[in-house]
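J.: Have a look at this one before I ask anything.
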Amino acid sequence: MATPFKRSALTLLAASLAASALFSTGAQAEGKISIAQQFGIGYLILDVVRDQNLIEKHGKEQGLDIKVDWNSISGATAMNEALLTGSLDVVSAGVPPMLTVWDRTKGKQNVKAIAALGSMPNYLLTNNPNIKTLKDFTEKDRIAVPAAGVGFQSRTLQIETAKEFGDAQYKKFDDISVSLPHPDATAALIAGGSEINSHFSSPPFQYQALQNPNVHKVLSSYDVLGGQATFNVLYTTEKFHDENPKTYKAFYDALAEAEKIIKADKPAAAQAYIRVEQSKLPLALVEQIVNDPEIDFTVVPQRTFIYAEKLQELGVLKNKADSWKDYFFEEAHGGAGS
């Protein structure tokens, strides 16, 4: 018969082994989610979610107290590394970086998109008066992008470069691209006098830069994609999606509610952006951006499949997607996505 000490030791050992097994499989208890976003009004849906505590609200509706950890990271490369190492549960970036990690993890971590964060154009801007089209860029010019060669802006530029110069030349402008966060690139573009004379920008930064008479637009991402198209998406691993159904549902429902809040009261959404981002931009400018008819804050993906097709044709992606639903989790399939 086991003594009380032995029974206690065996109980502790069993608990220790169970905890070890839980840790080794990476299982996570429901009720926790760590999210990372980048900079700019492209993340307004997340700002409203955060401002209104919508994840916590929808968690409580399911009897769950969710602890939300918010993070800010610049660049898709850092986002993807953090996701794959388990440092973050949900990350956000442009469509191409999401597709890259979907392609890379297919059959392994199986990363897929959760939802779109809205459709908005990104402008390629310059303060060089000699640059009117892509053909005017030279080796002396420098184009600032958040993640050179791999981010949304670089991939969009590569697709347009392939159209203009042929598929074999799609990386033509990678050599003059420089990784720089949007706020720093905007400051350099407006100030002038530095090697950074061009910037593939995003809202609100492109609006801010275009207020300077020395800055002009060369190209819009909508020109490349043939119309209104998703800019940023949220994505996660199959493991997080499958093992945290209530937390995931609360998060998705929070995103959907944030879309409705923005569309119902855009001035209030603009105020939320300034509040959450601690932005120094004038409220009037933010309201102008939120009301821009080119922009649609929606969780429904638009024209994402163009990237999937073109990047696979260029050899950037190994796996061929049959439709946009291949790289979005099923919760997003109900909308009229593309």
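J.: Residue 248 passes all but one of (1) crowded, with 16+ Cβ neighbours inside 10 Å; (2) at pLDDT below 95; (3) of a type outside the set (D, E, K, R); which number fails?
T.: (2)
J.: Return the residue satisfying two criteria in turn: it lies in the range 154-191 and is closer than 14 Å to residue 126 by Cβ and either part of a strand (DSSP E or B) or at pLDDT below 95 (or both), and of such residues it is most open to solvent (accessible area, probe 1.4 Å).
T.: 178
J.: Please specify each residue of the range 285-305 satisfying the condition of being of a type in the set (A, V, I, L, M, F, W, C), part of a helix (DSSP H, G or I) and buried (at least 19 other Cβ atoms within 10 Å of the Cβ).
T.: Once the filter is applied, which keeps residues that are of a type in the set (A, V, I, L, M, F, W, C), part of a helix (DSSP H, G or I) and buried (at least 19 other Cβ atoms within 10 Å of the Cβ), the range 285-305 yields 286, 289, 290, 305.
J.: Any residue in the range 123-148 that's over 16 Å from residue 221 (Cβ atoms): show its pairings with residues that are small (Gly, Ala, Ser) and open to solvent by 40 Å² or more (accessible area, probe 1.4 Å) at Cβ separation under 7 Å, as long as the two are six or more apart or on different chains.
T.: 148/179
J.: Please identify the pairs in which a residue from the range 41-58 that is touching a residue at least 40 places away in the same chain (Cβ under 8 Å) and farther than 21 Å from residue 295 by Cα has its Cβ atom under 7 Å from the Cβ atom of a residue that is open to solvent by less than 10 Å² (accessible area, probe 1.4 Å) and not in a helix (DSSP H, G or I), counting only partners at least 6 apart or on another chain.
T.: 55/33
J.: Check the range 2-21 and report whether any residue there is in a loop (DSSP other than H, G, I, E, B), modelled with pLDDT under 95 and farther than 27 Å from residue 280 by Cβ.
T.: Within the range 2-21 (the criterion being in a loop (DSSP other than H, G, I, E, B), modelled with pLDDT under 95 and farther than 27 Å from residue 280 by Cβ), the answer is yes, since at least one residue qualifies.
J.: Something else: Within the range 306-338, which residues are open to solvent by 30 Å² or more (accessible area, probe 1.4 Å) and touching a Leu at 6+ places or on another chain (Cβ under 6 Å)?
T.: Listed by number, the list holds a single entry, 306.
The values are calculated or read from the model by the stated rules, or taken from the named source; none is laboratory data. Just so you know, these numbers come straight off a predicted model, no measurement behind them. Ideal geometry is used to build each Cβ from the backbone, glycine not excepted, and the neighbour counts take in all protein chains shown. Note: accessible area is taken over every heavy atom of the protein model, side chains too, but ligands, DNA and RNA are not part of it. Shrake-Rupley method; radii C 1.70, N 1.55, O 1.52, S 1.80 Å.
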